[in-house]
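Engineer: Starting off with a structure, shown below.
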Amino acid sequence: LEWVEAFLGGERAYIGGSTWEPDEELIAAYVQQNPEQKWIVAPHEVNEASISRLQRLFGGNLLKYSDLVAGREINGHRILLIDCYGLLTSIYQYGSLAVIGGGFGVGIHNTLEAATFGMPIVFGPNYSKFKEANDLVALQAAFSITDEDTFLEVMNTLDSDVKMREKAGNRASSYVQQNRGAKDRILKHIF
């Protein structure tokens, strides 16, 4: 995706995938402490109210995808807001870490899309219904947080400890690879 590459300019990106307001507030708190980082945030809700709230939350650092593809200059923006649907799965390939939304609500969103691209995953406490999330946490490929303090602690650790971040990402990718072909195994078991 040339527009992602242009935005990143060779820098690494953190991805906020299918985020909700509590996730976005945590990301904003982290960004405030780490303004040099680049983020791509794809909110779960893409509507005028949500986009306006995110623009207020992130301020002048935020560049909307729709403005970027319309030719607006990047000019030092550090946060790219994906203000449409359908791009997140393709965007994950550019990430070094993913914050998956929904964990402060009824449950997290898809973790395997991010894990496929070999990055550590961070999400809120409501993940117990999801086998892959439980497995990834057990493998130390994913990290559940409960509040701003634990979020900042996990993020700062993963950001500063390159070896830990790489190991977690490799574990995530290996998990996906080891579980490929599940449909065939399930069908074989049933029949």
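The values are calculated or read from the model by the stated rules, or taken from the named source; none is laboratory data. Small disclaimer: the values here were computed from a predicted structure and weren't measured. Neighbour counts are summed over all protein chains in view; Cβ atoms, including those assigned to glycine, are modelled from backbone coordinates with ideal geometry. Heavy atoms of the whole protein, side chains included, go into the accessibility calculation; ligands, DNA and RNA do not. Shrake-Rupley method; radii C 1.70, N 1.55, O 1.52, S 1.80 Å.
Engineer: Have a look at V46, V99, V122 and tell me which one the Gaussian network model of the chain (Cα, springs below 10 Å) gives the largest fluctuation.
Structural biologist: Ranking V46, V99, V122 by mean-square fluctuation puts V46 first.
Engineer: Now for a different question. Give me the Å³ per residue figure for the convex hull around the C-alpha atoms of the chain. Present the calculation step by step, with values, prior to reporting the outcome.
Structural biologist: Values: hull volume 24.0 nm³, N = 191.
Looking at the chain, the number lands at 126 Å³ per residue.
Engineer: Calculate what fraction, in whole %, of the accessible area of the chain sits on carbon and sulfur atoms when a 1.4 Å probe is rolled over the protein chains. If you can, show how the numbers build up before the last one.
Structural biologist: Values: 4790 of 9670 Å².
Result for the chain: 50 percent of the exposed heavy-atom area is carbon or sulfur.
Engineer: Among the listed pairs K38/K163; K64/K129; K64/K167; K163/K183; K131/K163, which have their C-alpha atoms separated by more than 30 angstrom in this model? Walk me through the numbers before you get to the answer.
Structural biologist: Working: K38/K163 20 Å; K64/K129 33 Å; K64/K167 32 Å; K163/K183 33 Å; K131/K163 26 Å.
Table pairs above 30 Å Cα-Cα are K64/K129; K64/K167; K163/K183.
Engineer: Relative to the Cα centre, what is the charge dipole magnitude of the chain, using +1 at the beta carbon of each Lys and Arg, -1 at the beta carbon of each Asp and Glu, and rounding to the nearest 20 debye?
Structural biologist: Values: 17 positive and 24 negative charges, 160 e Å.
Dipole about the Cα centre, nearest 20: 760 debye.
Engineer: On the first, second and third principal axes, largest extent first, how far apart are the outermost C-alpha atoms of the stretch 1-59 in Å?
Structural biologist: Per principal axis, max minus min of the Cα coordinates gives 31, 26, 18 Å.
Engineer: H189 to A70: extension gain in nm, 0.36 nm per residue of separation minus the Cα-Cα distance? All intermediate terms of the calculation are to be shown ahead of the outcome.
Structural biologist: Details: separation 119, 0.36 × 119 = 42.84 nm, distance 5.10 nm.
Between H189 and A70, full extension yields 37.7 nm more.
Engineer: Could I ask something else about it? Using alpha carbon centroids, what distance separates the stretch 117-136 and the stretch 71-98, in Å?
Structural biologist: 22 Å
Engineer: In the chain, with Lys and Arg counted as +1 and Asp and Glu as -1 at Cβ, which of these residues, L81, I108, W3, has the Cα nearest the positive end of the dipole, that is, farthest along it?
Structural biologist: I108
Engineer: Here is a further query. When the Cα centres of the stretch 144-191 and the stretch 21-43 are compared, how far apart do they sit, in Å?
Structural biologist: Each part's Cα centre sits 20 Å from the other's.
Engineer: Follow-up. Taking the solvent-accessible surface of protein heavy atoms with a 1.4 Å probe, what is the per residue accessible area of the stretch 1-121 in Å²?
Structural biologist: Numbers: 5110 Å² over 121 residues.
Result: 42 Å² of accessible area for each residue.
Engineer: Add +1 for every Lys or Arg and -1 for every Asp or Glu among the other residues with Cβ under 12 Å from the Cβ of V176, and state the total. Write out the running numbers ahead of the final one.
Structural biologist: On the way: positive: R171, R180; negative: E113, E132, D135.
Surrounding charge for V176 is -1.
Engineer: What residue among G95, G86, G181 has the largest mean-square fluctuation in a Gaussian network model of the chain, using Cα springs under 10 Å?
Structural biologist: Among G95, G86, G181, the largest GNM mean-square fluctuation belongs to G181.
Engineer: Expressed in nm to one decimal, what extension gain is obtained for the pair N61 and E153 from 0.36 nm per residue of sequence separation less their Cα-Cα distance? Could you put the intermediate results ahead of the total?
Structural biologist: Working: separation 92, 0.36 × 92 = 33.12 nm, distance 2.30 nm.
Roughly 30.8 nm would be gained on extension.
Engineer: Anyone know which of A28, A141, A114 comes out most mobile in the 10 Å Cα GNM of the chain?
Structural biologist: Answer for the Gaussian network model of the chain: A28.
Engineer: Note down the net charge around P125, summing +1 for each Lys or Arg and -1 for each Asp or Glu among other residues with Cβ under 14 Å from its Cβ. It would help to have the intermediate numbers written out before the result.
Structural biologist: Values: positive: K129; negative: D23, D147, E148, D149.
Spelling it out: positives minus negatives among the neighbours equals -3.
Engineer: What do you get for chymotrypsin sites (Phe, Trp or Tyr not before Pro) in the stretch 28-134 restricted to DSSP loop and a cutoff of at most 14 other Cβ within 10 Å of the site's Cβ? Before the final figure, lay out each step's value.
Structural biologist: Working: sites: Y30, W39, F58, Y65, Y85, Y92, Y94, F104, F117, F123, Y127, F130; in loops: Y85, F104, F117, Y127, F130.
The qualifying sites are Y85.
Engineer: Right, next: Which of rounded, prolate or oblate describes the stretch 40-100 when judged by the alpha-carbon gyration tensor and an a/c cut-off of 1.5? Before the final figure, lay out the partial values.
Structural biologist: Working: a/c = 1.39, a/b = 1.15, b/c = 1.21.
In terms of gyration-tensor shape, rounded.
Engineer: If each DSSP helix of 4+ residues adds -39,500 (n - 2.57) and the sum is divided by the residues in the chain, what number results at 222 nm, nearest 500 deg cm²/dmol?
Structural biologist: Numbers: 10 runs with 92 residues, N = 191.
Rounded to the nearest 500, the figure is -13500 deg cm²/dmol.
Engineer: Taking the Cβ of P43 as the centre, find all other residues whose Cβ is under 15 Å away and add up their charges (Lys, Arg: +1; Asp, Glu: -1).
Structural biologist: Working: positive: R53, R56, K64; negative: E21, D23, E24, E25, E45, E48, D83.
Combined, the nearby Lys, Arg, Asp and Glu give -4.
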